[in-house]
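Below is one structure, written out as structure tokens; the observations come after it.
The values are calculated or read from the model by the stated rules, or taken from the named source; none is laboratory data. Please read these numbers as outputs of a predicted model, since none were measured by experiment. Quick reminder, even Gly has a Cβ in these numbers, built from the backbone with ideal geometry, and neighbours come from all protein chains shown.
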Amino acid sequence: MQTELEIQNPYGFKIIPSQEDFQTWVELALIEQDKPVSAVLRIVDKAESQTLNRDYRNKNAPTNVLSFPFETPDLPDQLDAHDVAHLGDLVLCAPVIEQEAQQQHKTARQHWAHMVIHGLLHLQGYDHLDEIQAENMESLEITLLQQLGFPNPYEPNVIIQGNQTNK
């Protein structure tokens, strides 16, 4: 499946995953998509993350990832048959992701992959508002990350070094 990604890095962060990594993680996280999709990944600083988190979630603090699913307007069938479905936008806060990776004793790449997959699942309707939803979503995240060779992100103090997992 072809996935169109727009990577926005308005603050010019130098140490972020490659286009290829983002592409791999997004495509892995696509569940039950029957046509090509597009998404925007916006890499932001703490100030923009905090503003968006405050304005859209009533939480006045920066956060690692925010998901803004695209809501398709009601259109006649002939106008709604686009070749590419836009999933929405992910807002990824580079400083928070880097800080959390260090605090959680993970590689930055490992945590970036987790946040992209987590956000993409949200764009597809997955959530963790109650215990059952959280278990389903976390189980899917764990499975997808294991396909990349990463350990369970919810186990503390797990880091990948080379091909070994250390606790």
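I want to confirm something. Restricting to the range 86-109 and keeping residues that are touching a strand residue (DSSP E or B) at 6+ places or on another chain (Cβ under 7 Å) and surrounded by fewer than 21 Cβ atoms within 10 Å (Cβ to Cβ), which single residue is nearest to LEU144 (Cα to Cα)?
Among them, the one singled out is THR107.
Could you list, in sequence order, the residues of the range 91-106 that are under 12 Å from ILE16 (Cα atoms), out of contact with any Lys or Arg (no Cβ under 9 Å at 6 or more places or on another chain) and not aliphatic (A, V, I, L, M)?
Residue satisfying the conditions is GLU98 alone.
Just to check your reading of the model, which residue among LEU52, LEU41, LEU120 is out of contact with any helix residue (DSSP H, G or I) (no Cβ under 9 Å at 6 or more places or on another chain) and modelled with pLDDT of 95 or more?
LEU52
Which residues, taken from the range 33-67, are of a type in the set (Asp, Glu) and in contact (Cβ under 8 Å) with a residue 40 or more places away in the chain?
Selection gives ASP45, GLU48.
GLN33 - would you say it is surrounded by 13 or more Cβ atoms within 10 Å (Cβ to Cβ), at pLDDT below 95 and within 24 Å of HIS128 (Cα to Cα)?
It is true that GLN33 is surrounded by 13 or more Cβ atoms within 10 Å (Cβ to Cβ), at pLDDT below 95 and within 24 Å of HIS128 (Cα to Cα).
Select from the range 8-42 the residues that are closer than 24 Å to LEU140 by Cβ and aliphatic (A, V, I, L, M) and list them in ascending order.
VAL26, LEU28, ALA29, LEU30, ILE31, VAL37, ALA39, VAL40, LEU41
Of the conditions (1) surrounded by 18 or more Cβ atoms within 10 Å (Cβ to Cβ); (2) over 22 Å from SER18 (Cα atoms); (3) not hydrophobic (A, V, I, L, M, F, W, C), SER49 clears all except one; give me its number.
Only one criterion in (1) surrounded by 18 or more Cβ atoms within 10 Å (Cβ to Cβ); (2) over 22 Å from SER18 (Cα atoms); (3) not hydrophobic (A, V, I, L, M, F, W, C) is unmet by SER49, namely (2).
Cβ-Cβ under 6 Å, sequence separation 6+ or interchain: first residue in the range 99-115 and in contact (Cβ under 8 Å) with a residue 24 or more places away in the chain and part of a helix (DSSP H, G or I), partner among the small types (Gly, Ala, Ser) and buried (at least 17 other Cβ atoms within 10 Å of the Cβ). Which pairs?
Pairs that qualify, where the first residue is in contact (Cβ under 8 Å) with a residue 24 or more places away in the chain and part of a helix (DSSP H, G or I) and the partner is among the small types (Gly, Ala, Ser) and buried (at least 17 other Cβ atoms within 10 Å of the Cβ), are ALA108/ALA101; HIS111/ALA101.
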